[in-house]
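Taking it in order: structure first as structure tokens, then the write-up.
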Number of protein chains: 2
Amino acid sequence: MTEISLYKPYPAAEVPAWDMETDVAIIGFGATGACAAIEAAQAGARVMLFERNSGSGGASGLSGGEIYIGGNGGTDVQRAAGFSDTTEDFAAYLKAAGGPCADDAKCDAYAIGALDHFAWLKAQGVPYKGTYLPGKIIEPTGDDTLIWSGSEAATPFRHVAKPAPRGHVIQHMGWGGGRPLVDILEKRARESGVEVVVDARALALVQDGERIVGVVMRIDNQPRFVKAAAVVLATGGFVMNEAMRRKYAPQTLRINSPIGDKDDGTGIELGISAGGDAIHMDQFFTTCPWTIPESHAHGVFVNVKGQRFINEDCYHGRVSRTMVDQPGHGVYLLLDSAHYQQAPDFARMSIAATGDDWAEVEGELGMLPGTLTPTMDFYNAHAREGRDPLFDKQPPILVPLDQGPFIALELNFETSYFSFFTLGGLKTSASAEVLSRAGTPIPGLFAAGRCTSGLPAWGHGYSSGMSLADCTFFGRAAGRNAARANS
Amino acid sequence: MTEISLYKPYPAAEVPAWDMETDVAIIGFGATGACAAIEAAQAGARVMLFERNSGSGGASGLSGGEIYIGGNGGTDVQRAAGFSDTTEDFAAYLKAAGGPCADDAKCDAYAIGALDHFAWLKAQGVPYKGTYLPGKIIEPTGDDTLIWSGSEAATPFRHVAKPAPRGHVIQHMGWGGGRPLVDILEKRARESGVEVVVDARALALVQDGERIVGVVMRIDNQPRFVKAAAVVLATGGFVMNEAMRRKYAPQTLRINSPIGDKDDGTGIELGISAGGDAIHMDQFFTTCPWTIPESHAHGVFVNVKGQRFINEDCYHGRVSRTMVDQPGHGVYLLLDSAHYQQAPDFARMSIAATGDDWAEVEGELGMLPGTLTPTMDFYNAHAREGRDPLFDKQPPILVPLDQGPFIALELNFETSYFSFFTLGGLKTSASAEVLSRAGTPIPGLFAAGRCTSGLPAWGHGYSSGMSLADCTFFGRAAGRNAARANS
């Protein structure tokens with residue numbers, strides 16, 4: 001028998017027998033796969049949804065369930081909270097957040113389509129309480145549904161687009177809204193007639209000429225040949241695959257807490273095997289939950305040289321991603337007694353120094369006089385005037401830190417909780433077609449979510465909800481367009 | 001006829017007729033291709049060497065002709081200049097210079113083999129005067145042949161390995177030793193019986209099962225089928241291909257002067273088409289010639305925030321690469337009257353500010369009091385004591401800058417001369433075999449030089465001569481091993 005390999009499509013002519021047949025085969029049952037399945041089924045296609053684990057979830061199920069939504073005047077939730085949001089501002093923010101990696105076509109498609117997408121999510125049964133929670137929030141601890149989840153109000157983004165809060169969180173008590181989000185999507189998929197096959201791992205695509213015509217799945221320890229008019233890859237990124245990280249994103253080796261669920265790059269490998277192109281593979285999101293408690297959001301970060309490196313009022317993940325660029329073993333979060341509270345245990349941040357003035361903290365950190373002190377003197381002198389001429393941090397987050405005693409918390413790359421996942425992946429069109437290296441769609445092959453490079457393309461520009469927005473919106477596009485491959 | 005594509009190997013069964021036949025077909029006539037050709041021919045293989053231009057050269061021909069050599073006690077040139085160099089120190093430096101992208105097997109292979117390689121280069125007729133030129137040199141302006149061409153004596157590298165100068169430059173008056181180096185290698189290749197075919201562009205590999213059995217070349221506007229027992233890719237990187245840079249190395253879009261000669265990623269595409277793996281594609285080398293005149297090497301760099309960001313005594317390219325990480329439009333090179341001289345026109349560095357003290361420079365740069373001034377006060381206070389506690393810059397490069405008037409030169413990413421080339425490419429073994437995504441050699445396919453990720457894997461660790469070392473050493477390995485593919 002011909003070898004079955006992740007790295008090479010299996011020739012259709014050599015399939016011994018088709019074990020199963022469907023119109024659309026979807027690999028991966030996170031939010032991406034679920035949305036693809038619902039759309040494909042509702043378009044009239046027979047759909048088989050394969051999942052490697054014994055149930056749905058994927059990295060989506062581990063997430064906060066935030067979806068980044070705006071544009072077209074604003075969602076009902078945004079408007080009820082007093083915010084308007086134009087499509088132009090929304091698109092401009094998405095492009096700025098994509099930085100040098102931005103896919104303009106995807107940003108435009110999503111900015112135009114996000115409100116309809118929100119309506120669709122609600123139509124699937126995803127509940128939104130409609131309440132706005134101001135402040136620096138990672139995820140609501142209650143069941144509010146609109147938060148500032150990005151760097152919209154911070155420099156440089158505030159100069160690019162009018163800010164609005166766009167993090168729409170499923171109504172759910174506390175953290176972890178991703179699990180109920182996937183549950184609702186799963187229910188909808190099953191109601192739509194999607195056949196779910198769990199404990200099924202993708203081994204290879206099946207190709208006939210240029211066209212993908214199926215997939216080989218490992219089920220009950222046997223290869224099973226699944227005939228499909230189209231295959232949708234929805235397998236997530238490669239954060240759990242250290243060998244791939246070493247080859248493509250070695251900067252992630254500085255930090256320690258991958259967020260994923262068997263996200264080993266399978267879909268990326270399958271897409272490449274069919275001639276696909278994997279782009280921006282060095283990019284990753286990371287965050288250390290330094291804005292908990294919320295008073296810590298007023299803190300100032302310095303690197304081991306005593307230098308500030310960013311306006312700390314931007315998204316916690318953007319700050320964290322910039323931390324990982326700094327020299328040395330970690331960075332310090334500086335707080336005064338008016339703002340310090342004990343950090344949560346899970347953050348694994350430790351007190352590195354205290355002092356009655358910043359000079360004492362400087363000394364206790366082992367920094368020389370004239371490093372940290374002028375940094376904080378300069379910062380405080382201007383913060384008292386309500387400005388930050390160096391990095392343009394804005395009030396009300398901007399406050400002087402001048403009420404001793406003072407504290408430096410260490411965020412250590414090796415030991416503190418820096419969660420992360422990868423952003424690089426297959427190059428796809430805004431229609432979720434997997435593009436070949438020549439830039440043309442590979443017939444019968446679609447992909448969405450973190451096995452692609454999508455809306456969240458640039459680690460320094462990530463905002464919460466951007467990945468699930470990408471997963472659900474382009475997951476749907478993948479399902480719709482895959483269903484058409486049959487006709 | 002079957003489509004001929006860079007992105008897909010042409011099936012051997014569909015070759016209408018072989019137009020040419022050889023044992024080893026080499027694509028690209030820079031130093032890599034030349035060395036591969038010499039070795040393959042001297043191993044008894046028939047060799048055809050194809051070049052897209054009308055003559056040899058490639059990016060090697062545009063280079064300074066420096067080759068990074070050391071280990072095994074040191075070269076005759078190193079020893080004559082009073083330096084010893086162990087293989088362990090050499091390997092340790094190479095690995096540190098590869099940073100998170102280092103290929104340990106290649107570093108070890110080269111550290112062990114570099115002295116023999118040097119002897120081989122001399123046996124081919126490459127002349128080395130044997131004289132050592134101390135100081136901060138980009139390329140000798142005379143015909144000296146040993147220079148400090150990396151960050152060996154600078155932190156952190158000096159703590160990793162005992163420093164030695166290792167930049168071995170072909171004896172040649174002035175800059176541009178790469179051209180005579182390639183000329184000598186070309187002469188040797190032709191004498192060895194290599195058949196050179198110019199104005200020949202690679203269109204596709206030819207594959208039979210897993211094995212590469214030839215290549216389709218465009219010659220006289222016709223596709224020509226070349227049968228070969230092995231193919232060597234030696235086509236260079238992708239610095240001249242803006243679309244590829246946008247997908248894989250978008251940070252290079254900040255800077256402006258690609259160094260290359262049709263380096264459009266052809267070899268990388270061909271390798272991937274055969275199942276190869278392209279790694280570290282985001283990495284690039286860059287330099288702005290800020291150490292000319294040499295007195296400028298004593299300068300201090302600050303970013304637009306007035307912060308220093310590196311020990312300026314490390315390799316000019318490492319400093320330059322770190323510049324490109326800084327926020328804003330560029331960086332400033334600070335000099336005092338004891339060290340300032342006019343910068344060369346081609347660097348396109350302009351005077352951004354002058355002043356009788358650093359506070360005046362600070363103001364003229366539009367920086368606020370309390371930014372640049374404490375940076376320079378701290379620097380000068382410690383430099384007077386012969387130390388740099390912040391970045392550990394070492395004497396004699398470390399000097400106080402306290403003799404007014406003072407000057408800030410602007411190095412602007414968009415307009416100053418930031419030359420650059422790409423470092424990412426095919427994953428190859430230390431035997432120059434192109435490795436598949438599964439990590440196994442692709443039969444009949446070899447590659448070396450900048451279409452691979454090699455010794456110079458990490459932009460922040462590059463040292464002059466590292467790329468030509470990689471090109472010539474692993475180019476030779478490619479030729480030798482390709483010649484064996486015939487037997």
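Can you spot a residue in the range B:274-286 that is at pLDDT below 95 and assigned to a loop (DSSP other than H, G, I, E, B)? Within the range B:274-286, none of the residues are at pLDDT below 95 and assigned to a loop (DSSP other than H, G, I, E, B). Within the option set A:73, A:142, being modelled with pLDDT of 95 or more, in the same structural domain as residue A:167 (by TED's automatic domain parsing) and surrounded by fewer than 18 Cβ atoms within 10 Å (Cβ to Cβ) holds for one residue only, A:73.
Let's see how each residue does on (1) within 18 Å of residue B:128 (Cα to Cα); (2) free of Cβ contacts under 8 Å to residues at least 40 places away in the same chain; (3) of a type outside the set (Gly, Ala, Ser):
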{"site": "B:55", "(1), (2), (3)": "no, no, no"}
{"site": "B:61", "(1), (2), (3)": "yes, no, no"}
{"site": "B:67", "(1), (2), (3)": "yes, no, yes"}
{"site": "B:85", "(1), (2), (3)": "no, no, yes"}
{"site": "B:94", "(1), (2), (3)": "no, no, yes"}
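Residues are listed down the side, and each one gets a yes or a no for (1) touching an Asp or Glu at 6+ places or on another chain (Cβ under 8 Å); (2) away from chain A (no Cβ under 12 Å); (3) in contact (Cβ under 8 Å) with a residue 40 or more places away in the chain; (4) crowded, with 19+ Cβ neighbours inside 10 Å:
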residue	(1), (2), (3), (4)
B:394	yes, yes, yes, no
B:401	yes, yes, yes, yes
B:422	yes, yes, yes, yes
B:429	no, yes, yes, yes
B:448	yes, yes, yes, yes
B:464	yes, yes, yes, yes
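The set of residues in the range A:1-12 being within 14 Å of chain B (Cβ to nearest Cβ) and aliphatic (A, V, I, L, M) consists of A:4, A:6. Of all residue pairs spaced 6 or more apart or on separate chains, those with beta-carbon atoms under 6 Å, a first member in the range B:132-160 that is free of Cβ contacts under 8 Å to residues at least 24 places away in the same chain and a second member that is acidic (Asp, Glu) and assigned to a loop (DSSP other than H, G, I, E, B) are B:133/B:144. Scanning the range B:214-251 for residues being aliphatic (A, V, I, L, M), more than 12 Å from chain A (Cβ to nearest Cβ) and closer than 30 Å to residue A:104 by Cα gives a total of 2.
Yes or no, residue by residue, for (1) on the phi < 0 side of the Ramachandran plot; (2) crowded, with 24+ Cβ neighbours inside 10 Å:
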residue: A:99; (1), (2): no, no
residue: A:102; (1), (2): yes, no
residue: A:111; (1), (2): yes, yes
residue: A:155; (1), (2): yes, no
residue: A:162; (1), (2): yes, no
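Taken as a whole, the structure leaves residue A:245 outside the set of residues that are farther than 30 Å from residue B:453 by Cα and either assigned to a strand (DSSP E or B) or not hydrophobic (A, V, I, L, M, F, W, C) (or both).
With respect to the conditions (1) over 22 Å from residue A:110 (Cβ atoms); (2) within 19 Å of the chain's Cα centre (by Cα); (3) aliphatic (A, V, I, L, M), residue A:133 falls short on a single one, namely (2). For the range B:13-23, how many residues are in contact with an Asp or Glu (Cβ under 8 Å, 6 or more places away or on another chain) and closer than 25 Å to residue B:41 by Cβ? Qualifying residue count for the region: 1. Annotation note: of A:479, A:439, A:444, the sole residue that is part of a loop (DSSP other than H, G, I, E, B), over 15 Å from residue A:268 (Cβ atoms) and over 12 Å from the mean Cα position of the chain (by Cα) is A:439. When the test is whether a residue is farther than 22 Å from residue B:315 by Cα, in a loop (DSSP other than H, G, I, E, B), modelled with pLDDT of 95 or more and in the same structural domain as residue B:342 (by TED's automatic domain parsing), residue B:394 does not pass it.
Within the range A:43-70, the set of residues being buried (at least 22 other Cβ atoms within 10 Å of the Cβ) and in contact with an Asp or Glu (Cβ under 6 Å, 6 or more places away or on another chain) comprises A:45, A:48, A:56, A:58, A:59, A:64, A:70.
Filtering A:98, A:65, A:28, A:58 for residues that are in contact with a Cys (Cβ under 7 Å, 6 or more places away or on another chain) and small (Gly, Ala, Ser) leaves a single hit, A:98.
Are any residues in the range B:251-266 touching a helix residue (DSSP H, G or I) at 6+ places or on another chain (Cβ under 7 Å) and in contact (Cβ under 8 Å) with a residue 24 or more places away in the chain, and if so, which ones? Scanning the range B:251-266 gives B:251, B:252, B:259, B:260, B:261, B:263, B:265.
Which ones in the range B:406-420 are of a type in the set (Val, Ile, Thr), crowded, with 20+ Cβ neighbours inside 10 Å and more than 13 Å from residue B:352 (Cα to Cα)?
Kept after step one, since they are of a type in the set (Val, Ile, Thr), are these residues of the range B:406-420: B:407, B:415.
Then keep just the ones that are crowded, with 20+ Cβ neighbours inside 10 Å; that gives B:407.
Selection gives nothing.
A Cβ distance below 8 Å, combined with a sequence gap of six or more or placement on separate chains, defines the contacts here; from the range B:356-379, residues that are within 13 Å of another protein chain (Cβ to nearest Cβ) reach residues that are of a type in the set (Asp, Glu) and surrounded by 20 or more Cβ atoms within 10 Å (Cβ to Cβ) in the pairs B:368/B:362; B:369/B:362; B:371/B:362; B:372/B:362; B:373/B:362; B:379/B:388. In the set (1) within 14 Å of chain B (Cβ to nearest Cβ); (2) surrounded by fewer than 17 Cβ atoms within 10 Å (Cβ to Cβ); (3) assigned to a loop (DSSP other than H, G, I, E, B), the condition left unmet by residue A:305 is number (2). In the set (1) within 23 Å of residue A:201 (Cα to Cα); (2) surrounded by 23 or more Cβ atoms within 10 Å (Cβ to Cβ), residue A:314 fails one condition alone, (1).
Within the range A:267-296, the set of residues being more than 12 Å from chain B (Cβ to nearest Cβ) and out of contact with any helix residue (DSSP H, G or I) (no Cβ under 8 Å at 6 or more places or on another chain) comprises A:293, A:294, A:295, A:296.
One residue stands out among those in the range A:380-391 that are more than 10 Å from chain B (Cβ to nearest Cβ) and not in a loop (DSSP other than H, G, I, E, B): the one that is surrounded by the fewest Cβ atoms within 10 Å (Cβ to Cβ), which is A:380. Summed over the range B:170-184, the residues that are buried (at least 18 other Cβ atoms within 10 Å of the Cβ) and part of a loop (DSSP other than H, G, I, E, B) give a count of 4.
Residues of the range B:404-420 being outside any strand (DSSP E or B) and either over 30 Å from residue B:325 (Cα atoms) or away from every other protein chain (no Cβ under 13 Å) (or both), which ones?
Of the residues in the range B:404-420, the ones outside any strand (DSSP E or B) are B:404-405, B:413-418.
Within the range B:404-420, B:404, B:405, B:414, B:415, B:416, B:417, B:418 meet the criteria.
For the range A:252-266, residues that are within 12 Å of another protein chain (Cβ to nearest Cβ), within 16 Å of the chain's Cα centre (by Cα) and at negative phi total 1.
Checking A:42, A:78 one by one, the residue that is over 16 Å from residue A:236 (Cβ atoms) and either within 14 Å of chain B (Cβ to nearest Cβ) or out of contact with any strand residue (DSSP E or B) (no Cβ under 9 Å at 6 or more places or on another chain) (or both) is A:42 and no other.
The values are calculated or read from the model by the stated rules, or taken from the named source; none is laboratory data. The shown structure was predicted, so the numbers you read here are calculated from the model rather than taken from an experiment. With ideal geometry, Cβ positions are generated from the backbone for all residues, glycine too; neighbour counts draw on all protein chains shown.
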